[in-house]
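Beneath this line is the structure, given in structure tokens, with notes to follow.
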Amino acid sequence: MNRIRLYLRVEEALSNSNCQRGVAGPYHLSDPADSLASSSRNNNNNNNMDICVFCGNPIDADYIVDDATYDRACAETLDTLSDYFDDLIDSAVNLPDYDVVYGDGVLSVDLGPVNGMYVINRQKPSKQIWLSSPISGQKRYDYILPPGHGTGHWIDQETGETLHEILQVEMGQKFRGQSVNFLMLPYTSHN
């Protein structure tokens, strides 16, 4: 009986398109002892919550963004990061070998064989930006738009760090003696 109930909940989730990850909708999770009928979205039980079908994380409806909002925030974030890296690297004195390439939602910042390569790219199916860093490894950032704010920021749900905060710390180490301020760019929690 539990397999049937889980299957029906997954089917219900796949028919809803409001998932934070952008792939499928949330489904209503309640006490497993409850019947399927009592776990419907109309249930007023306060112990129920919506969770993502794919990641299992709770979904706060206030933070779910639509595709157009995600696309705009992602494009503007990657554009401004690309421009900032270009300016930063052009004025760098301690990085003789470097390259910045941006296109098709992928920003590659090669700081040479000693400092490594950073790749920042959009992940539209999950509504995320992913970072590959030679220092901190792989990171995934969700776009969080708090209610009542004009813009949101990109946050790692596991660590609570924002994309711009991690870049500020790591690039501060790479560009020693040079002013680095990723926190003044759009879509940071500091705006």
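The values are calculated or read from the model by the stated rules, or taken from the named source; none is laboratory data. Quick caveat: nothing in here was measured; it's all calculated off a predicted structure. Cβ atoms come from the backbone with ideal geometry, glycine included; neighbour counts cover every protein chain shown. Calculation scope for accessible area: heavy atoms of the full protein, side chains included, ligands and nucleic acids excluded. Shrake-Rupley method; radii C 1.70, N 1.55, O 1.52, S 1.80 Å.
Restricting the range 122-131 to residues that are touching a residue at least 40 places away in the same chain (Cβ under 8 Å) and in contact with a helix residue (DSSP H, G or I) (Cβ under 8 Å, 6 or more places away or on another chain), the residue that is farthest from Val169 (Cα to Cα) is Lys124. Examine the range 181-189 for a residue that is within 17 Å of Val65 (Cα to Cα) and open to solvent by less than 30 Å² (accessible area, probe 1.4 Å), and state whether such a residue exists. Scanning the range 181-189, I find at least one residue that is within 17 Å of Val65 (Cα to Cα) and open to solvent by less than 30 Å² (accessible area, probe 1.4 Å), so the answer is yes.
Determine whether the range 180-187 contains at least one residue that is more than 21 Å from Ser91 (Cα to Cα) and modelled with pLDDT under 95.
The answer is yes; a qualifying residue exists.
Take the residues of the range 53-95 that are in a helix (DSSP H, G or I) and among the aliphatic types (A, V, I, L, M): which is modelled with the lowest pLDDT? Here the residue is Ala61.
Annotation: of all residues in the range 103-162 being hydroxyl-bearing (Ser, Thr, Tyr) and in a loop (DSSP other than H, G, I, E, B), the one that is least open to solvent (accessible area, probe 1.4 Å) is Ser136. From the list Ile135, Ile144, Ile120, the one residue that fits, being of a type outside the set (Ser, Thr, Tyr) and at pLDDT below 95, is Ile144. The lone criterion from (1) in contact (Cβ under 8 Å) with a residue 12 or more places away in the chain; (2) polar (S, T, N, Q); (3) assigned to a loop (DSSP other than H, G, I, E, B) left unmet by Ser179 is number (1). Scanning the range 163-176 for residues that are touching a residue at least 24 places away in the same chain (Cβ under 8 Å), under 27 Å from Pro96 (Cβ atoms) and open to solvent by 50 Å² or more (accessible area, probe 1.4 Å) yields a total of 2.
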